[in-house]
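Trainee: Mind having a look at this structure? Questions to follow.
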Amino acid sequence: MISARRKYVGASVSEYPGLHSGQFCARSCSHLHRLRPSCLLLSLLILIALPTPTHAVTPEYLKATQPIPESLADVPSATDNVGVVPEVRTYDQMLRPSMMLPRLRERIPKTGLPLIDDSLYSVRPRAYYRLRDNGDGTKSEAMAIGGAVSMESGWLNDFLRFGFAGYTSQKIYGPADRDGTGLLREGQRSYTVLGQSFVELKAERTFATIGRTRIDIPYLNANDSRMTPSTFEGITVRSTDLPIGSLDLEKLRIGLGHIRKIRFRDDSNFEYMSVRAGAPDAQKGVTGAGLRYDFSDKFHAGMNNLYGWDTFNTFYAETERYIPLTDDLSLKLGTQFTDQRSVGDELIGDLNAQHLGVKASLGYGSLIASTSFTWTAKGDKIFNPWGGSPSYHSMMLSNFDRSSEKSVRAGLSYDFTPVGLKGVGASASWLYGNTPDSGPDASPDQQEFDVNVDYRPLVKGLENVWLRVRYAVNNRDAALGGLDREDLRIILNYSFTF
C-alpha cells in the first residue's frame, strides 16, 4: 500500500489488459509534481484560440471500429458523439446498402403501430483471433466467435421507445496458460450478457435515455476493440439544434448524464464506476457534461468533463479544422488537451495529470499522411479506466501518455479502390516516446509500429463483410527494464440491420 493516502493511479488498463485497474492502484509511486496554474491557462488559451483543427491521427478506440477512411474528410473525431442520440444503429453507420435487407423487412407482418412497425433489428457476428507476446516469456492467445444481436423499437406517439442488445463471446481456442487476450473472461471462459436495455424519451430535439446503453465520448466509451463493447448503466440527456434566447444555435450539441455502473468489454457483470477505477469498497458513479459546436462543416470545437465522485475528474477539449486546398488536396489540423485531478475523498489517491497534443494531416484523394506531437506533464500518467483514450497517440499497445513523456508520430493510410483493388485499405503508424532516464519520472523510452489491413468485398451478398488484420510491435529501452511486445489480431465482422 501507499504511505499516507497515496495510491498509484497512473497505469493504463489498455497497456496491461490482463490486469484489473484496481490492481494498478495498489502500486506505489513517487510524489506528484503539479503544473503551474499559469501553464495550464496558457495551454487552454492556445487550444481555444488556435484557428485550425481536425482528426487524421485516430485514437485506438475509434480506429478499432472504423474501416480505413476513403478520404481525409471521413476521418472521425473524438467528440463526434457528444450530444448525439446513442442509438443501437450507430454501430452500423459503416454499412453499405444491401439489396437483401429491404426484402427481409417486407416479410415482417405490419401491425399499424409505429412502436413495432418501425423497429430496427441488427445482427453483428464477429470472429476474432489474437496472439500477443508479452515480452516477459509469456504469451496470450485465444480465438472466439460471437458478436451482438440488437433491437430498437419505433417511437410511441413520438415520445417513447426502447431498445435491447445482447452480446456473446464463445471460446473456440484458448490455452489455460495463455490467458489475457481480452477476448474471453478471465480464465479463458465464454460469456453471454444483456449489455443494453434502455427506455428513451423525446421532447422535440431533446432525448433522455434511462437504463443500460452504449456511450462513446472521450475517456468514457465502448472501446469496442475486442469481442464485445463496454456498456454503461445510468441516465443521459442530449439536446441538439437548441434555441437559446434570441440565438438559434443549430450547430450546438449538449450532453449531460450520470453513470452508475460499467460492464467492461470482457466481462458479463456490471460494477460501480468507482470500483472499476480502483476503489473496491465504494459505490460511486460519474457525472458528465459535454458540448460541441460546429462553426461550419469544416471547423468544430468540443469538450467534456467527467466528475468521478470521490475519485478523480477528467476534463477534455479539442478543436479541429478541415481545409480543402484543391479538388483533390486537403489539410486537417487539430489540438487537444486533457486535465485530470483527484477530487473529494480521493479514494484512489492523489492524481494530477495533463496531456497536450497537436496534429496535422494532408490528404490527396484516398492517400492520407499525418504527423502529430503529444506531451504529458510531469506528475502522473493519464488514467482511463472507463474507456479508450482520445489521445492522438493512443495505439494498439501503448497510449504514450506516461509522466513527462514527449512523443512524435508519423502515419500513412490509403484506400486502394482507385488503383483497382476494390475494398482494400491499409494504414501504418510509427511513434517514438521519450521519457526521463533518471529521477521520479524515469521510464524506458519506447517506439511502436502499427499496421492495419482491411478488406471489404464489393460483392453482392457480401457488402457488409469486413476482414481486418492488425499487427503491432512495441520496443522499450531494456536498460531501464523495458520489454518488447508484439500483437497480432485477425478480426472478421459481418453486420446487417433490417
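No lab work stands behind these numbers, since they all come straight from the coordinates. A quick note: this is a predicted structure, and the numbers were derived from the prediction, not measured. Cβ atoms come from the backbone with ideal geometry, glycine included; neighbour counts cover every protein chain shown.
Trainee: Going through the stretch 454-483, which trypsin sites (Lys or Arg not before Pro) have at most 14 other Cβ atoms within 10 Å and a DSSP loop state? Kindly include the intermediate steps, with their values, before the conclusion.
Mentor: Numbers: sites: Lys460, Arg468, Arg470, Arg476; in loops: Lys460.
Sparse-neighbourhood loop trypsin sites (Lys or Arg not before Pro): Lys460.
Trainee: Each label point is 7 Å from the Cα along the Cα-to-Cβ direction; what then is the distance between the points at Asn305 and Lys406, in nm?
Mentor: Distance between label points: 3.1 nm.
Trainee: Can you put Val451, Val473 in order of Cβ neighbours within 10 angstrom, beginning with the fewest?
Mentor: Details: Val451 14, Val473 17.
With the sparsest Cβ surroundings first, the list reads Val451, Val473.
Trainee: When the label point is put 7 Å from the Cα of Arg107 along its Cα-to-beta-carbon vector, which residues of the stretch 457-490 have a backbone N closer than 18 Å?
Mentor: From the stretch 457-490, the list is 461-463.
Trainee: Run the numbers for Ala369 and Val123: contour at 0.36 nm per residue of separation, minus the present Cα-Cα distance, in nm. Walk me through the intermediate numbers first.
Mentor: Details: separation 246, 0.36 × 246 = 88.56 nm, distance 3.48 nm.
That pair, Ala369 and Val123, stretches by 85.1 nm at full extension.
Trainee: Report the Cα centroid-to-centroid distance between the stretch 324-340 and the stretch 439-498 in angstrom, as an integer.
Mentor: Cα centres, the stretch 324-340 to the stretch 439-498: 24 Å.
Trainee: Please arrange Val419, Val358 by counting, for each residue, the other beta carbons lying within 10 Å of its beta carbon, fewest first.
Mentor: Working: Val419 10, Val358 19.
Ranking Val419, Val358 by Cβ neighbours within 10 Å, fewest first, gives Val419, Val358.
Trainee: Starting from the Cα of Lys359, draw a straight line to each of the lysines and keep only those under 29 Å, dropping any in the same chain fewer than 8 residues away.
Mentor: Lys63, Lys251, Lys298, Lys332, Lys378, Lys381, Lys406
Trainee: Follow-up. If I take R0 = 22 Å and measure r between the Cβ atoms of Val465 and Gln170 in this structure, what FRET efficiency does the formula 1/(1 + (r/R0)^6) give, to the nearest 0.05? Walk me through the intermediate numbers first.
Mentor: Numbers: r = 20 Å, r/R0 = 0.90.
The computed FRET efficiency comes out at 0.65.
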